[in-house]
Amino acid sequence: MKYSIYQMDIYPGNPEKNRMKVKEWMELEVKKNKPDIVVLPEMWTTAYTLNSLEQVADINGTSTKSFLRDLAVKLNVNIIGGSVANKVGGKFYNSSFVFDRTGNLVYEYDKVHLVPMLNEHNFLTGGAHVPQVFELEGVKMGLIICYDLRFPEIIRTLALEGAEVLHIVAEWPDARTSHWRYLQLARAIENQMYVISSNRVGSYDGVRFCGTSMVIDPWGNILKEGSDEIEETLAIQLDLGDVKQARNEVPIFSSRVPHLYKQGL
Ligand SMILES: O=C(O)CCC(=O)C(=O)O
């Protein structure tokens, strides 16, 4: 499975300009590396322009869905569509869309965990459902958004439901780069899954974002790591058979004793 991950800088509050930028990147990238799957970062149409959501957010995901669907079909590529600010029924969500190469919307998810450090509760509504497993190219996968990474229980649930790859789309600030790196490594090792992340670079409103997008294998080996400041593409071919091998050699899933674990945790 070939991946191309876009570690992108984002024009604040300018969906049109960001869509043009992503289109150009994807067209070039598909020509150059022929990926099966491309990955975009969190809130890539607007950045964190929370004060202007009324002006810049998608409505019912309409613009983003038609943009991503068209690209998926035209370029014959699966798209993990990062996330976008999205107004649904008068409320704003941080929403992800995944399209397969035939243009089917195979998954959508609204970020469940809102970030107190960004006062997100004053602007956004948290999603009503934890992430679910979806499939691309016959492989079971999951997707979480940024702060969700701090909640291992939702990722364990994905692994228990068969996910072999976890995607993380993010705008993670450089004030906590070490958390970003170690938490991803821990999630990969404890769930014996690939972790693939796309984090933005650049700055907005006095916050610098740390890039450091990663590809980690089920043993916790870092196969690729982006820089902490420049825009770049991480292109890589993965052998997903490694997941079964890791789970056979260290069989943590059959060693679990869930009847002893506190219910609801
Ligand atoms: O958890 C963190 O430190 C950063 C989270 C965040 O910035 C986000 O979810 O957008």
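Okay, here's what the table says:
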{"read-out": "Of the criteria (1) farther than 28 Å from Ser227 by Cα; (2) within 14 Å of the ligand (Cβ to nearest atom); (3) not acidic (Asp, Glu), which one Tyr147 fails", "value": "(1)"}
{"read-out": "Top-ranked residue in the stretch 151-189 [being under 25 Å from Ser227 (Cα atoms) and more than 15 Å from the ligand (Cβ to nearest atom); ranked as surrounded by the fewest Cβ atoms within 10 Å (Cβ to Cβ)]", "value": "Leu185"}
{"read-out": "Any hit, the stretch 213-225, residues being within 12 Å of the ligand (Cβ to nearest atom) and modelled with pLDDT of 95 or more", "value": "no"}
{"read-out": "Selected residue (only one of Trp25, Trp44 is closer than 23 Å to Lys224 by Cβ and within 16 Å of the ligand (Cβ to nearest atom))", "value": "Trp44"}
{"read-out": "Yes/no for Arg69 being within 19 Å of the chain's Cα centre (by Cα) and farther than 22 Å from Met141 by Cβ", "value": "no"}
{"read-out": "Selected residue (criterion: farthest from Glu137 (Cα to Cα)) from residues of the stretch 15-31 that are in contact (Cβ under 8 Å) with a residue 40 or more places away in the chain and surrounded by fewer than 17 Cβ atoms within 10 Å (Cβ to Cβ)", "value": "Lys23"}
{"read-out": "Residues of the stretch 119-137 classified as assigned to a helix (DSSP H, G or I) and surrounded by 18 or more Cβ atoms within 10 Å (Cβ to Cβ), total", "value": "1"}
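Let's see how each residue does on (1) closer than 26 Å to Asp36 by Cα; (2) in contact with a helix residue (DSSP H, G or I) (Cβ under 8 Å, 6 or more places away or on another chain); (3) part of a strand (DSSP E or B):
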residue: His167; (1), (2), (3): yes, no, yes
residue: Ser178; (1), (2), (3): no, no, no
residue: Leu183; (1), (2), (3): no, yes, no
residue: Ile189; (1), (2), (3): yes, no, no
residue: Arg208; (1), (2), (3): no, yes, yes
residue: Thr212; (1), (2), (3): yes, yes, no
residue: Val215; (1), (2), (3): yes, no, yes
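The values are calculated or read from the model by the stated rules, or taken from the named source; none is laboratory data. All figures in this text were calculated on a predicted structure; none of them were measured in a lab. A quick note on method: Cβ atoms are made from the backbone with ideal geometry, for glycine too, and the neighbour counts reach across all protein chains shown.
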